[in-house]
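Participant: Can you read through this structure? Questions will come right after.
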Amino acid sequence: MSAVTSIAGLLKVSAEKKLPLWKTVQLTDCAEQDMSEADSWEKMKNMLSVMRETDQSYDSRRRSLSGLSGGDGGKMEDYVRSGRSISGPLVGEIIAAALRMGECNACMKRIVAAPTAGACGVLPAVVIPCGKAMGLPDERLIEALYVAAGVGQVIAQRASISGAQSGCQAEIGAASAMAAAALTHMAGGSSEQIANASALALKSLLGLVCDPVGGLVEVPCVKRNAAGAVIALTAAEMSLAGIESRVPPDEVIDAMREVGEKMSPTLRETAEGGLAATETARKFRENR
């Protein structure tokens, strides 16, 4: 099975071969990597395990070397447990999980780049809590990771997953699209609904700049993981309700590439614009 460079192509191959979307992605990857299906499955299973282990090993007392990150995941956990959360326990846990994973990355713990380290919190924050709430077996979650990987691969090929190249829309935006697709699969959505969910999420984050304070993947990156996770949930819900993206997924991805190309270099991970150029950010750099 040859490489697929579009969401439309993935859907076409799936329909022609009468395969679920996740299986199409797996077989495509196996062909590219010269890997057996069993080895591919074990590799993806390990990624799910790492996501879980990192989340479970989160320590709210730890702080990053810069002092910019740490403890917020614990604060969100406590808030959710208090019963005061406006959005309820599931959404609250998604937010908390994204913060925990983002802080683990900032504290140099082991994470899964999904698709990047700076956006590592979005996908697990959606897949793990929702999988638990829905009572799904690990096999279903692993399938969802394949779906996410397929979307991420197309974005990487047609546009970018690099903040330095296309801004944070290419990192948190791509991660949100991947998570929306994964969750839609978990909920039993069709291939078309999976594709629509990815488009709805990505186009909601078009133009998001990469402006890390002090050049570190901490502020605003960690909190953006939480926002990207909630956008993924929203996109999946809309798609499952039958709401479609008026612009096809591949065109949304192409638009993201175009926006990235037009984005000022000061807003592409150079820490020269946006939040990185604020008075508070300048003072932080001076005092480091």
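The values are calculated or read from the model by the stated rules, or taken from the named source; none is laboratory data. None of the values given here were measured: they were computed from a predicted structure. Using ideal geometry, Cβ is built from the backbone for each residue, glycine included, and neighbour counts are taken over all protein chains shown.
Participant: Would you please name the residue that is surrounded by the fewest Cβ atoms within 10 Å (Cβ to Cβ), looking only at residues in segment 129-141 that are in a helix (DSSP H, G or I) and more than 15 Å from the chain's Cα centre (by Cα)?
Facilitator: Out of the qualifying residues, it is GLU139.
Participant: Now, a different point. Could you tell me whether LEU240 is out of contact with any Lys or Arg (no Cβ under 7 Å at 6 or more places or on another chain), in contact (Cβ under 8 Å) with a residue 40 or more places away in the chain, surrounded by 19 or more Cβ atoms within 10 Å (Cβ to Cβ) and of a type in the set (A, V, I, L, M, F, W, C)?
Facilitator: Against the criterion (out of contact with any Lys or Arg (no Cβ under 7 Å at 6 or more places or on another chain), in contact (Cβ under 8 Å) with a residue 40 or more places away in the chain, surrounded by 19 or more Cβ atoms within 10 Å (Cβ to Cβ) and of a type in the set (A, V, I, L, M, F, W, C)), LEU240 does not qualify.
Participant: Look through VAL151, VAL122, VAL147, VAL126 and report the one residue that is buried (at least 24 other Cβ atoms within 10 Å of the Cβ), more than 24 Å from ARG268 (Cα to Cα), under 11 Å from the mean Cα position of the chain (by Cα) and β-branched (Val, Ile, Thr).
Facilitator: One residue alone meets the criteria, VAL126.
Participant: Follow-up question, since we're still on this one. What number of residues in segment 182-200 are over 16 Å from ILE142 (Cα atoms) and buried (at least 24 other Cβ atoms within 10 Å of the Cβ)?
Facilitator: 6
Participant: Now a separate question. Only one of ALA235, ALA255 is over 17 Å from ALA8 (Cα atoms), in contact (Cβ under 8 Å) with a residue 24 or more places away in the chain, not in a loop (DSSP other than H, G, I, E, B) and not hydroxyl-bearing (Ser, Thr, Tyr); which?
Facilitator: ALA235
Participant: Same structure, new question: List the residue pairs whose Cβ atoms are under 8 Å apart, where the first residue sits in segment 104-116 and is at pLDDT below 95 and assigned to a loop (DSSP other than H, G, I, E, B), the second is of a type in the set (Val, Ile, Thr) and surrounded by fewer than 20 Cβ atoms within 10 Å (Cβ to Cβ), and the two are 6 or more positions apart or on different chains.
Facilitator: none
Participant: Here's a follow-up. Which of the helices (runs of 4 or more DSSP H) contained wholly in segment 158-225 include at least 2 residues that are under 22 Å from ILE95 (Cβ atoms)?
Facilitator: 172-186, 191-203
Participant: Can you pull out the residues in segment 165-181 that are buried (at least 24 other Cβ atoms within 10 Å of the Cβ) and polar (S, T, N, Q)?
Facilitator: Hits for segment 165-181 are SER166, GLN169, SER176.
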